[in-house]
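Notes follow the structure.
The values are calculated or read from the model by the stated rules, or taken from the named source; none is laboratory data. Keep in mind it's a predicted model, so treat the numbers as computed, not measured. As a convention, Cβ positions derive from the backbone with ideal geometry for all residues, glycine included, and neighbour counts pool all protein chains shown.
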Amino acid sequence: MMERKIEIFSPATGNVIALKDVPDEVFSTGLMGQGLAVQLDGSDWTICSPLDAECSAIFPTGHAVALRHECGLEMLIHVGVDTFREEGAFEKKVVEKQRVVQGQPLLHIEGACFPADFPLVIFTLLNGKEFTVVTKFKEKVVANKTVLFVLTKEM
């Protein structure tokens with residue numbers, strides 16, 4: 001058997017928030033899997049692919065994107081809480097079944113739709129239990145530069 005190692009980069013720039021502190025029980029209780037959230041700092045409103053993968057789903061409003069890596073890892077990038085109601089807040093940069101590379105823009109957030117507070121970018125590993133996960137991130141993360149997790153799986 002061979003061990004496969006996958007680095008997962010931050011899809012956004014900002015400050016890391018523990019998943020348990022996300023104000024949505026679907027995420028904070030771990031129901032959607034392990035992960036974290038990044039509180040955007042307003043310097044970059046583009047959400048990028050954290051690794052080479054396929055876009056397995058993108059919600060009609062553009063507030064969430066699901067990715068699937070060739071080794072079977074599935075992840076969800078979800079912007080904000082209750083943001084599915086924000087018509088026109090997200091510009092989709094990919095379509096379902098499209099191959100994406102690490103760092104490629106997945107969606108762009110219209111900052112003017114969030115004047116009061118920068119949204120959270122919630123990042124969950126939907127089937128992370130199938131992998132050995134090592135957390136690498138620090139308090140402040142930069143899109144495409146900071147490694148959040150290193151995953152290994154026996155293949």
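When the residues of region 114-153 are narrowed to those that are in contact with a Pro (Cβ under 8 Å, 6 or more places away or on another chain) and not in a loop (DSSP other than H, G, I, E, B), which ends up nearest to GLY103 (Cα to Cα)? Here the answer is LEU148.
Against the test of being modelled with pLDDT under 90, crowded, with 16+ Cβ neighbours inside 10 Å, among the aromatic types (Phe, Trp, Tyr) and over 18 Å from ALA143 (Cα atoms), the options PHE59, PHE114, PHE27 yield a single qualifying residue, PHE114.
Restricting attention to region 87-110, the residues that are assigned to a loop (DSSP other than H, G, I, E, B), crowded, with 20+ Cβ neighbours inside 10 Å and either out of contact with any Asp or Glu (no Cβ under 8 Å at 6 or more places or on another chain) or aromatic (Phe, Trp, Tyr) (or both) total 1.
Of the residues ILE6, ILE47, the single one that is touching a residue at least 40 places away in the same chain (Cβ under 8 Å), of a type in the set (A, V, I, L, M, F, W, C) and over 20 Å from GLY62 (Cβ atoms) is ILE6. Quickly run through region 120-150 and pick out the residues that are surrounded by 20 or more Cβ atoms within 10 Å (Cβ to Cβ) and either closer than 21 Å to ALA57 by Cα or of a type in the set (Gly, Ala, Ser) (or both). Residues satisfying the conditions are LEU120, VAL121, ILE122, PHE123, THR124, LEU125, ALA143.
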